[in-house]
Amino acid sequence: MGLREIEGVQAHGIRETQTVPAESSETGKEIVITDEYWYSEDLRIYLVIKHNDPRTGSVAFTVEQLTRTEPEAAFFEIPDGYQPVGRNQ
């Protein structure tokens, strides 16, 4: 599928198709299942995953609001009053 920019990041897309023959399907009709993947080599994650199966429907997972900056230090601070719980107290 080539290259595409998603949330400002280059991603490489592939599409995989599976065909369930009519004689193997519950409906007696051929079923085509498609999966689409958009992978970022830079981030080493899939930015988009799409799955379509006529028997169960479609689902899509998409990375949104991608920010490539350092996270706020406050996210990593231990809150006041924190008490460890567990075996190694």
Worksheet item: Just one of [x] 21, 19, 9; [y] 41, 22, 10; [z] 34, 15, 11 is semi-axes √(5λ) of the Cα gyration tensor in Å as worked out from the coordinates here. Which one is it?
Response: [y]
Worksheet item: Which longest run of the chain has no exposed loop site in it, a site being trypsin sites (Lys or Arg not before Pro) in a DSSP loop with at most 16 other beta carbons within 10 Å, and the site itself not part of the run?
Response: 1-28
Worksheet item: Which one of 20, 69, 6 has its Cα pushed farthest toward the positive end of the charge dipole of the chain, where Lys and Arg give +1 and Asp and Glu give -1 at the Cβ?
Response: 20
Practice prompt. Give, in nm to one decimal, the length gained when the segment between residue 67 and residue 15 is fully stretched (0.36 nm per residue of separation minus the Cα-Cα distance).
Written response: 16.1 nm
Response to the item:
Checking region 5-39 for GluC sites (Glu not before Pro) in a loop per DSSP with at most 13 other beta-carbon atoms within 10 Å yields 26, 30
Item to complete: Excluding residue 22 itself, calculate the net charge of residues whose Cβ lies under 13 Å from the Cβ of residue 22, where each Lys or Arg counts +1 and each Asp or Glu counts -1.
Response: -2
Worksheet item: Which loop chymotrypsin sites (Phe, Trp or Tyr not before Pro) in the chain, with loop taken from DSSP, have no more than 15 other Cβ atoms within 10 angstrom of their Cβ?
Response: 82
Worksheet item: For residue 43, what charge total do you get from the other residues with a beta carbon under 15 Å from its beta carbon, if Lys and Arg give +1 and Asp and Glu give -1?
Response: -2
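Values in this text are rule-based calculations from the coordinates and carry no lab data. Values in this document were obtained by computation on a predicted structure and should not be read as measured data. Reconstructed Cβ throughout: ideal geometry from the backbone, glycine too, with neighbour counts over all protein chains shown.
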